[in-house]
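Data block below; observations after.
The values are calculated or read from the model by the stated rules, or taken from the named source; none is laboratory data. The shown structure was predicted, so the numbers you read here are calculated from the model rather than taken from an experiment. Here Cβ is always computed from backbone atoms with ideal geometry, including for glycine, and neighbour counts include all displayed protein chains. Only protein heavy atoms, including side chains, enter the accessible area calculation; ligands, DNA and RNA are left aside. Shrake-Rupley method; radii C 1.70, N 1.55, O 1.52, S 1.80 Å.
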Amino acid sequence: MSSGNDCQPQTLTKPTFDEREAAELVDRVFGLKVSWIRSLPSYDDQNFHVRVSAEGADEYVLKITNSEDSQEPDLIEVQTQAMMFLSAEGFPSATPYLTKDGNIMSLESGGTGLGSKKYMVRLLTYLPGTPVAKTTTNAQILYEIGRLAASVDKVLSEKFQHPSVKSLHRGQFIWNLANVPLLDQYIYALGQNKYRAVVEQVIEQFKGKVIPKLSSFRACINHGDLNDHNILVDSCSASLENPQYRVSGILDFSDMSYGYYVFEVAIAIMYMMIESPDPLSVGGHVLAGFESILPLTAEERGALFLLVSGRFAQSLVIAAHTALLYPENKEYLTITAKTGWKHLMTMFEVGQEAVEKKWFETAKAYTHHAPA
């Protein structure tokens with residue numbers, strides 16, 4: 001859900017390639033003949049699932065980055081190198097197919113829109129699996145997702161090196177969780193209703209209780225968007241009553257930035273709540289998995305409720321704002337809103353103390369009985 005390196009959550013820069021143009025791009029830039037292609041849903045980039053006829057049925061994702069982000073090649077380079085690094089470290093991350101010139105990406109013109117805009121183009125390996133959004137989540141996979149969130153950030157922060165890694169310091173990036181206060185300028189998109197009142201409450205509490213504590217949190221590189229559509233899973237058991245899953249793919253590194261470890265677990269909790277019939281129970285399982293790798297400090301735990309609420313606010317406000325600009329993409333842009341508003345309202349009705357008690361007691365139970 002990337003949206004530029006400044007505080008503009010969306011400008012009219014989404015690529016507009018049709019399938020024929022996309023297939024021609026794969027041929028011209030990567031030297032591969034497309035045998036099958038279909039568009040994939042996306043926020044503000046454009047993605048195509050392609051099969052090529054070169055070597056059997058090799059499958060890729062053609063990723064065409066929006067023209068705003070395409071102006072930051074160093075940032076895209078770092079994100080792509082991070083994917084390659086994680087793959088080499090054993091994580092199920094996509095890797096790029098090199099262009100005919102031997103590069104991991106290429107700046108190209110095209111699309112059916114007005115004007116001549118340039119878009120950064122990459123061809124990434126297609127990862128198998130089912131998005132978490134299309135599964136029935138259980139405690140086991142929530143715990144695994146928590147472990148994944150901690151493991152990805154930990155290895156990136158401790159071992160990943162690149163000359164342009166400083167480009168991940170994205171001070172005004174609207175999706176960085178530290179920037180919840182920037183939502184003030186986009187809240188108009190909600191209109192005047194009870195939802196807006198809760199978001200305003202989240203923003204004010206965030207300013208007063210989270211921002212002053214940021215310096216006490218442990219800094220790291222965040223993936224930044226481990227949502228229910230960006231994590232793929234495979235079933236690894238035959239039991240229909242109690243399915244066991246393993247993570248088979250990590251997608252979309254375009255929200256990578258420097259942040260804090262506690263941001264990643266908060267983001268994961270929020271998005272796993274979206275698909276759950278019992279959303280308030282989710283946090284404890286994700287937290288337990290995360291803390292099996294990286295136990296949180298007292299200060300980090302104390303901010304978790306408002307960080308989860310802050311991510312709900314970011315997702316809901318920015319989606320509403322963006323849907324005004326892209327009404328034709330409203331259904332995809334407002335996926336989170338379908339249940340997100342209900343979950344955020346429930347969190348505030350139940351209250352921070354009760355929600356935290358549920359999360360922390362669930363997580364504590366794992367110290368006595370970790371999952372197999």
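Some notes on this structure:
- Taking all protein chains together and rolling a 1.4 Å probe, L226 ends up with roughly 0 Å² accessible.
- Taking the Cα centre of region 19-125 as origin and assigning +1 to Lys and Arg Cβ atoms and -1 to Asp and Glu Cβ atoms, the resulting dipole is close to 340 debye.
- Accessible heavy-atom area order of F360, F173, highest first, probe of 1.4 Å: F360, F173
- Note on region 19-125: Rg/Rh from Cα positions, Kirkwood definition for Rh, rounded to two decimals, is 0.95.
- Dimensionless Rg over Rh [region 238-369; C-alpha; Kirkwood]: 0.99
- Calculated from the alpha-carbon coordinates, region 157-246 shows an Rg and a Dmax of 18.9, 50 Å respectively.
- Under 5 Å, built H, 5+ apart or other chain: amide partners of W36: R51
- Under-5 Å amide H pairs with G249, H placed in peptide plane, nonlocal only: L232
- In a simple Cβ point-charge model (Lys, Arg +1; Asp, Glu -1; nothing else charged), the chain has a dipole of about 420 debye relative to its Cα centre.
- Ordered by 1.4 Å accessible area with all protein chains kept, E331, E68 run largest first as E331, E68.
- Residue among S42, T95, L325 farthest towards the positive dipole end of the chain, charges placed on Cβ: L325
- Rh by Kirkwood over Cα pairs, then Stokes-Einstein D for the chain at 0.692 mPa s and 37 °C, µm²/s: 155 µm²/s
- The residues of the chain expose, per residue, 41 Å² of accessible area to a 1.4 Å probe.
- Neighbours of E89, meaning other residues whose beta-carbon lies under 13 angstrom from its beta-carbon, give a summed charge of 0 when Lys and Arg score +1 and Asp and Glu score -1.
- K14 contributes about 40 Å² of solvent-accessible surface, heavy atoms of the protein only, 1.4 Å probe.
- For K14, the aspartates and glutamates whose Cα comes closer than 17 Å to its Cα, not counting residues fewer than 8 places off in the same chain, are D6, D44, D45, E68, D69, E72, E108, D252, D255, E328, E331.
- Prolate/oblate/rounded call for region 77-146, Cα gyration tensor, a/c under 1.5 rounded: oblate
- All aspartates and glutamates inside 12 Å of K33 as judged from Cα atoms, apart from same-chain residues fewer than 8 positions distant: E24, E55, D58, E59
- Ranking C220, C236 from most to least accessible surface, computed with a 1.4 Å probe over the protein chains only, gives C236, C220.
- Gyration tensor (alpha-carbon) shape descriptor, region 65-206, a/c threshold 1.5: oblate
- Apportionment of accessible area to carbon and sulfur, the chain, percent (1.4 Å): 52 percent
- Calculated translational diffusion coefficient of region 122-206 (4 °C, 1.567 mPa s; Stokes-Einstein with Kirkwood radius over alpha-carbon pairs) equals 75 µm²/s.
- Taking only the Cα atoms of region 54-102, the ratio Rg/Rh comes out at 1.01, with Rh defined as the Kirkwood radius.
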